[in-house]
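For reference, the structure discussed in these notes is given below.
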Amino acid sequence: MRALKLLGVLVGLFILVGAAGVGAAVYGLWHYGKDLPDYRQLADYQPPTATRVHAGDGRLLAEFATERRVFVPIEAMPRRVLHGFIAAEDQNFYRHAGVDFVALARAVFVNIQNVLDNRRLIGASTITQQVAKNFLLTNEVSIERKIREAILAFRIERALSKDRILELYLNEIYLGSGSYGVAAAALNYFDKSLDDLAVEEIAYLAALPKAPNNYHPIRKTDAAIARRNWVLGRMHEEGFIDAATEAEAAARPLAVRPRSGVETVEADYFLEEVRREMLDRFGERGLYEGGLFIHTTLDATLQRYARDALRDGLVAYDRRHGWRGPVAKIDLAADAPPEIWGQALADAPRPLGNPGWRLAVVLKAEAEAATIGLLKRGESGVETGTIPLREMTWARAHNGYDEPMGPSVGAADQALARGDIVLVEEIAQGRPREEGGAPVAYPPGTFVLRQIPEANGAVVAMDPHTGRVLAMSGGWSFETSQFNRATQAARQPGSSFKPFVYLSALENGFTPATIILDAPFVIDQGEGLGKWKPANFSRKFYGPSPMRVGIEKSRNLMTVRLAQAVGMDKISATAERFDLMQDMPEQLSMALGAGAVRLIDMASAYAALVNGGKEVRPSLVDRVQDRHGRIVFRHDGRPCAGCDAAFWDRQPVPEIPDVRERLASAASAYQIVTMLEGVVQRGTGRRISAIGKPLAGKTGTTNDYKDTWFVGFSPDLVFGVFVGFDTPATLGKQPWGGAETGSSVAAPIFKDFMEKALADRPAIPFRTPPGVRMVRIDAATGGLAKPSSRTVITEAFKIGTEPGAETVSAVLDGGDPDGGGAPTPARTPGDGDAPTGLY
């Protein structure tokens, strides 16, 4: 009986302890599990993925990301990659329910021995537990966190498939070197996609999750190889590879390769505009973590042409105004060894905005050349070179932009001295001199003297039919200034605004042959304000002249008279309609470009002229796709029934409606185009005509020569140029006399770009719209051409407004400051005797 009682007590005690244990376990599960994060969010989890921005031809522009990750679905991952990580991290992954109790027991036993031996403890976290920790918990080291991690692992296993858990893990883990996810690590360590990885490379990546820095492939090569080979052994033990493969892979060196240069495009200003636009549209998280694919309008070739044309133009202007001195100066003995001047050069400050030129120290300056020392590129050590005299004759002393430069440079030692640290650029053999002339066969190691310009500018290239911005550079260097002068700077356009004055006139009864008086013009501005007396650039008067001449020769007096006759209210409305200025003051000075406009708006307005008077809205992004390839934004929002057909089955081609607003009649727009073509053929843009293609455009220069412009176009390409100082100041005078104007500063940039952009394109004439008749007229009188006419041109007239044989043109003299209107024509438009055909 006593034994039975004792047995009863023991059983009762056992039941009591068991119940207490179960109760404690239940309480523990409740206590540690009550505030856990919602694990079900992992079912729809999308890891932060880099947004990639592409040029129009698919080339990569940039990536926007907080974590540079390439997301790869598990279906697209090679099985061997999965095997490598399972073997290294969780060999029972497909068999346990979230926690591997066998591995946990083994870890407890091993860690007891490790503590006694003072060795590092090992872990037993499963891949599911690591997902729970990485996604839902912190990195806190505590028993409580491990319990919470285990509870979450069980819940995750019930909610998600094994493949989904593994997919989350392989795309989320950090593997060192800025690599988030296994795909990014494959690129960063081996410059390979997952499909191209060798088994030893997979093993190395699988060795990294626990402590990437402990197995750095260069700094800790031996430890990295040992850990890699351990993973190879685990892959063999699990049956993922055979013994021969393991031995062969383990014998190979750990050969990491830096990621090869992706062919990118230098378009920092364009890219920043895209970034701002997408940030407004998708928000910070959507842009930097959304894995978007942004397809931009950028043409990589035109972007290079535009960037180079702007830089070359700024350099050419800067050189015309002399040498501002070396970047720095050091005391350098005549017999200083290379170690001395090499170290001095290495310590010298690097000028910001350097487009790839090299720093050099002048070792010796003589009559015919300067000897310079440079640091070798891509390797240690130094080298020497020379700057010939003919490549520094421009380096006369700079005395300001509005003052004459110092004396001519007749010897190298007049511009440079020993110890000067300067910027130089190596000259390709046979390259022409900077100032033009016959090519010079320079030997290797010959350099040209350089300096970073102080003036700045911007350029924009645009498709006039769609508004797609094909190229943009907002300044000399994004490094020195992120201010985009193409989209953020509002500057006075000067005479480049005049086409919209003349367009207003053409829309209100005038013709390109209307005669306007070019004579002194004075208007009283009101009490205490004095009189306004505009003048032509030449300070001369030319008498009655056809309207066309006013724009070709950029005559201010003719433009003011015309503006007064048309009415500034109509011109202000035109400026607003073309989105140049809103609420433009109705003052005559505004007709001469006294307002403030952005270059991109001016380019858009000119685009509306050449496309026949239709509205143009500039766009930088064609479409945006999400990480799954779905289009989430498209710039062209026009409906297109039938465009989504899977294949062509002889159905009609879909017709896309033209929903652009009409800003001016096609006939008036074409008349302005032909007048701007005259600017290139006979006017202030004559240097452009050397290209030999149909081109049109207009120069612009403001008071005191502070802003210079040229905006022009071919039938299918618009290009705008602005050059000026960021803090408005005069651009000064040219060394050979005359002021720096749009013709001398901005037009050469336009010419340089268009020469390259149109080099392989056919010469396409400007398209003539219906309702226009081409008539041969005397360019001096505006009347029909006669045998005695010296200059005959073909003028565009709206049908019914052509001059007749007996027409005597009235002269618009602008004599009534308060009145206006078109001069009374000598024949009424629409007379039955209107001539037909080409005159």
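Assorted remarks:
- To put it simply, the accessible area of the stretch 376-528 at a 1.4 Å probe is 47 percent carbon and sulfur.
- Spatially, the stretch 470-540 and the stretch 70-100 are offset by 68 Å when compared through their Cα centroids.
- For the stretch 609-661: rounded, prolate or oblate by the Cα gyration tensor [a/c cutoff 1.5]: oblate
- In summary, the stretch 411-558 shows an alpha-carbon radius of gyration equal to 1.65 times the 2.2 N^0.38 Å reference for compact globular proteins.
- Loop-located GluC sites (Glu not before Pro) in the stretch 293-380 (DSSP state other than H, G, I, E, B) with a sparse environment of at most 14 neighbouring Cβ atoms within 10 Å: Glu366, Glu368, Glu379.
- The base-10 log of I(q)/I(0) for the stretch 334-381, evaluated at q = 0.13, 0.20, 0.23, 0.30 Å⁻¹, reads -0.34, -0.77, -0.95, -1.22 [Debye formula, identical scatterers on Cα atoms, solvent excluded].
- Inter-part distance where the stretch 369-384 and the stretch 548-581 are each reduced to a Cα centre, Å: 57
- Within the stretch 483-589, the GluC sites (Glu not before Pro) that combine a DSSP coil assignment with at most 15 other C-beta atoms in a 10 angstrom radius are Glu527, Glu586.
- Net dipole in debye of the stretch 58-100 [+1 Lys, Arg Cβ; -1 Asp, Glu Cβ; about Cα centre; nearest 20]: 220
- Summing Cβ point charges (Lys, Arg +1; Asp, Glu -1) relative to the Cα centre of the stretch 492-634 gives a dipole of roughly 500 debye.
- In the stretch 236-342, taking the dipole from charged Cβ atoms about the Cα centre, the farthest positive-side position among Ala336, Ala316, Val256 is held by Ala316.
- Å² of accessible area per residue within the stretch 386-540, as computed with a 1.4 Å probe and no ligands counted: 40
- Rh by Kirkwood over Cα pairs, then Stokes-Einstein D for the stretch 217-340 at 0.890 mPa s and 25 °C, µm²/s: 111
- A Stokes-Einstein calculation at 4 °C with viscosity 1.567 mPa s, built on the Kirkwood radius of the stretch 137-255 over Cα pairs, returns a diffusion coefficient of 82 µm²/s.
- Alpha carbon centroid spacing (whole Å) that separates the stretch 631-648 from the stretch 694-710: 41
- Under 5 Å between amide hydrogens, built in the peptide plane, is the criterion, and for Ala739 it picks out Gln734 among residues at least 5 positions away or on other chains.
- Sulfur and carbon atoms: percent of accessible area, the stretch 214-305 [1.4 Å]: 49
- Among 407-419, 559-571, sorting by the average number of other beta carbon atoms lying within 10 angstrom of each residue, highest first, gives 559-571, 407-419.
- Principal semi-axes of the equivalent ellipsoid, √(5λ) from the alpha carbon gyration tensor of the stretch 276-381, are 42, 21, 13 Å from largest down.
- Ligands, DNA and RNA are left out, and with a 1.4 angstrom probe the accessible area of the stretch 201-255 is 49 Å² per residue.
- For the stretch 320-446, the spherically averaged projection of the C-alpha convex hull amounts to 8.5 nm².
- The orientation-averaged shadow of the Cα convex hull for the stretch 581-692, equal to a quarter of the hull surface, comes to 12.5 nm².
- Judged by the ratio a/c of the largest to the smallest principal axis of the C-alpha gyration tensor, the stretch 498-579 counts as oblate, that ratio being 1.5 or greater while a/b is no larger than b/c.
- If only the Cβ of Lys and Arg carry +1 and only the Cβ of Asp and Glu carry -1, the dipole of the stretch 396-524 around its Cα centre is close to 280 debye.
- Cα-based shape type of the stretch 200-280, given that a ≥ b ≥ c are square roots of the gyration tensor eigenvalues and the cut on a/c is 1.5: prolate
- Environment charge of Phe722, counting only residues whose C-beta is closer than 14 Å and scoring Lys/Arg +1, Asp/Glu -1: +1
- Under 15 Å, Cβ to Cβ, from Asp583 - net charge with Lys/Arg +1 and Asp/Glu -1: -3
The values are calculated or read from the model by the stated rules, or taken from the named source; none is laboratory data. As the structure is a prediction and not an experimental result, all values here were calculated from the model. Counting neighbours? That spans all protein chains shown, and the Cβs are built from the backbone with ideal geometry, glycine included. Calculation scope for accessible area: heavy atoms of the full protein, side chains included, ligands and nucleic acids excluded. Shrake-Rupley method; radii C 1.70, N 1.55, O 1.52, S 1.80 Å.
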